[in-house]
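Contents: one structure, followed by commentary.
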Amino acid sequence: MTTFNTYTLYKRIDFNDDQVIARGLSAVEAMSHIVDCVDGRHFQTFVENYEHFRRFDWSISGSNSGYEPPTLHATVPITDDFDVDKNAALELIAVQFIRIAHEYWDNWLEPDRDFDERLQYAADREDADRMEREIAAKFVDVLAESGYTMARDIVHNDFALVRPADRDDLCKFVFEGLAGDLTVYKTGVAHRFGFNFGGDSWDIIKDRSGALGPLIESVVESYR
């Protein structure tokens with residue numbers, strides 16, 4: 001059984017925001033919407049009948065796109081029902097048109113399946129980003145609870161860890177700059193680690209010194 005795509009037409013507001021114009025459109029409906037979105041523009045079809053098939057030629061009239069209006073073709077087996085034959089041909093033509101739709105459409109066109117997958121990925125990535133920040137903040141708290149009193153970044157900015165407000169300042173700095181490596185200090189001890197945000201894995205905190213593994217695991221384990 002043949003499965004036909006359905007399509008979403010949308011306007012890109014910014015990189016993270018789309019305004020849906022229409023969803024669930026067949027290829028022919030999407031083609032018709034795009035062609036008709038300009039006043040005075042429409043498509044027309046011409047047919048030639050042969051003994052065993054019909055050939056349909058399709059073209060746009062009233063086009064001001066700056067591109068040479070295309071002529072698209074489809075050939076279908078002839079039946080006793082002209083409308084059925086024409087609709088079958090238009091389905092084939094619409095699939096061809098969708099490949100060049102950007103020449104006649106200032107917005108976006110995407111199969112519903114791809115549009116939904118992209119939205120789901122964005123939602124999953126947002127959840128992952130939120131989780132990563134939560135893990136990072138908890139790890140900074142665990143460092144303080146374990147006696148570490150100061151963190152220093154690679155350009156020697158120092159952040160106290162004793163008070164919650166100090167730890168919040170460090171987290172804000174890390175999140176805004178997506179800063180990587182830090183060194184933490186307590187009496188007689190210094191250990192390096194790094195945050196690995198956006199890595200699509202559980203390796204969110206990298207133990208550079210090889211001594212912070214148990215602390216890292218104590219935070220990350222509950223999120224696995």
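Filter region 168-182 down to residues that are surrounded by 17 or more Cβ atoms within 10 Å (Cβ to Cβ) and modelled with pLDDT under 90 and give me whichever is nearest to M150 (Cα to Cα).
Per the stated criteria, the residue is V174.
Using the structure shown, decide if A88 is at pLDDT 90 or above and not assigned by TED's automatic domain parsing to the domain that holds Y185.
For A88, the condition - at pLDDT 90 or above and not assigned by TED's automatic domain parsing to the domain that holds Y185 - is met.
Let's see how each residue does on (1) crowded, with 18+ Cβ neighbours inside 10 Å; (2) part of a helix (DSSP H, G or I); (3) touching a residue at least 40 places away in the same chain (Cβ under 8 Å):
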{"residue": "D116", "(1), (2), (3)": "no, yes, no"}
{"residue": "A144", "(1), (2), (3)": "yes, yes, no"}
{"residue": "V162", "(1), (2), (3)": "no, no, no"}
{"residue": "D166", "(1), (2), (3)": "no, yes, no"}
{"residue": "V184", "(1), (2), (3)": "yes, no, yes"}
{"residue": "R192", "(1), (2), (3)": "no, no, no"}
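Restricting to region 1-20, name every residue that is out of contact with any helix residue (DSSP H, G or I) (no Cβ under 8 Å at 6 or more places or on another chain) and either closer than 20 Å to I93 by Cβ or among the β-branched types (V, I, T) (or both).
Of everything in region 1-20, those that are out of contact with any helix residue (DSSP H, G or I) (no Cβ under 8 Å at 6 or more places or on another chain) and either closer than 20 Å to I93 by Cβ or among the β-branched types (V, I, T) (or both) turn out to be T2, T3, I13, V20.
In region 1-41, which residues are part of a loop (DSSP other than H, G, I, E, B) and surrounded by 17 or more Cβ atoms within 10 Å (Cβ to Cβ)?
R41
Just to be sure, is S209 among the small types (G, A, S), at pLDDT 90 or above and surrounded by fewer than 17 Cβ atoms within 10 Å (Cβ to Cβ)?
Judged against the criteria, S209 is a match.
Quick check on my filter: what residues within region 96-114 are surrounded by 15 or more Cβ atoms within 10 Å (Cβ to Cβ) and touching a strand residue (DSSP E or B) at 6+ places or on another chain (Cβ under 9 Å)?
Q96, F97, I98, A101, Y104, W105, N107, W108, L109, E110, P111
The values are calculated or read from the model by the stated rules, or taken from the named source; none is laboratory data. Values in this document were obtained by computation on a predicted structure and should not be read as measured data. Positions of Cβ are generated from backbone atoms using ideal geometry, with glycine treated the same way; all protein chains shown enter the neighbour counts.
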